[in-house]
Amino acid sequence: MPFWILAALAAVTVLGIAVYVGQTMAHRKKIKLRVQKIYGSQLFADMTPFLSAAQKMPIEQLLIDKTGISIRLFGGTSQETAFVLRSWGYSYFTEDQQEAMRLVLEQELPQLAEREKYNAALKPVRLLNGDREYVFSYTLTAKYKSQLFRASAQYRNPVQTSW
């Protein structure tokens, strides 16, 4: 193979990698700015009581979709709570806003970022019209859930000892 073909292939490869890295860095910068915007917004102020309630018990599942955030708390009663954007007067999240909100929630609820406790996933949802939406989800791992069950059973039924 002639040298100029190899040089051209190498140049195209390097150019492709440079474009990819540039796009990734621009996307990260945009998401970082969105996170800062969320922290300074009225939306975050309105969500503060919702987040405070979520910090009191372990979260079994947390979902972030375009309509807002829903949380199922771990415990015997399976409490569910939701922060629905429209009911608070906000418009739906865009995909970038969902991603920024995911990062905000990981900072505010740091247990979500612990991979041994939670499985994080981005799930596509196909709509009836053929469009696709995405849902970020955090779900307790089986191992951590069983640890919580054992701890709650021990708390409910303490061992009786007689001295």
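How far, in degrees from 0 to 90, does helix 95-108 lean away from the longest principal axis of the Cα atoms of the chain, to the nearest 10? Computed tilt is about 50 degrees. Here the residues ARG126, ARG72, ranked from fewest to most Cβ neighbours within 10 Å of their Cβ, fall in the order ARG126, ARG72. Relative to the dominant Cα principal axis of the chain, helix 3-39 is inclined by about 40°. Past 28 Å, Cα to Cα: identify those pairs from LYS32/LYS145; LYS30/LYS56; LYS32/LYS143; LYS37/LYS143; LYS123/LYS143, in the order given. Among LYS32/LYS145; LYS30/LYS56; LYS32/LYS143; LYS37/LYS143; LYS123/LYS143, the Cα-Cα distance tops 28 Å for LYS32/LYS145; LYS30/LYS56; LYS32/LYS143; LYS37/LYS143.
With neighbour counts taken as other beta-carbon atoms within 10 Å, the residues LEU85, LEU51 rank, fewest first, as LEU51, LEU85.
Once both labels are positioned 7 Å from their Cα atoms along Cα-to-Cβ, the gap between SER41 and THR94 label points is 1.1 nm.
Across every direction, the projection of the convex hull enclosing the Cα atoms of the chain has a mean area of 17.1 nm². Comparing ALA100, ALA26, ALA18 in a Gaussian network model of the chain, where Cα atoms under 10 Å apart are tied by springs, the biggest mean-square fluctuation is seen for ALA18. Helix 142-156 axis versus longest C-alpha principal axis of the chain: approximately 20°, rounded to the nearest ten.
Exposure proxy shown here: for THR139, THR24, the number of other Cβ atoms within 10 Å sets the order, fewest to most, as THR24, THR139.
Distances between placed amide hydrogens fall under 5 Å for TYR118 paired with THR141, all partners being 5 or more residues away or on another chain. Springs join every pair of Cα atoms under 10 Å in this Gaussian network model of the chain, and among VAL125, VAL19, VAL84 the largest mean-square fluctuation is at VAL19.
Since every read-out is calculated from the coordinates, none of them should be taken as a lab result. The model shown is predicted, which means the values in this text are computed figures rather than measured ones. Don't worry about glycine lacking a Cβ; one is built from the backbone with ideal geometry, like all the others, and counts go over all protein chains shown.
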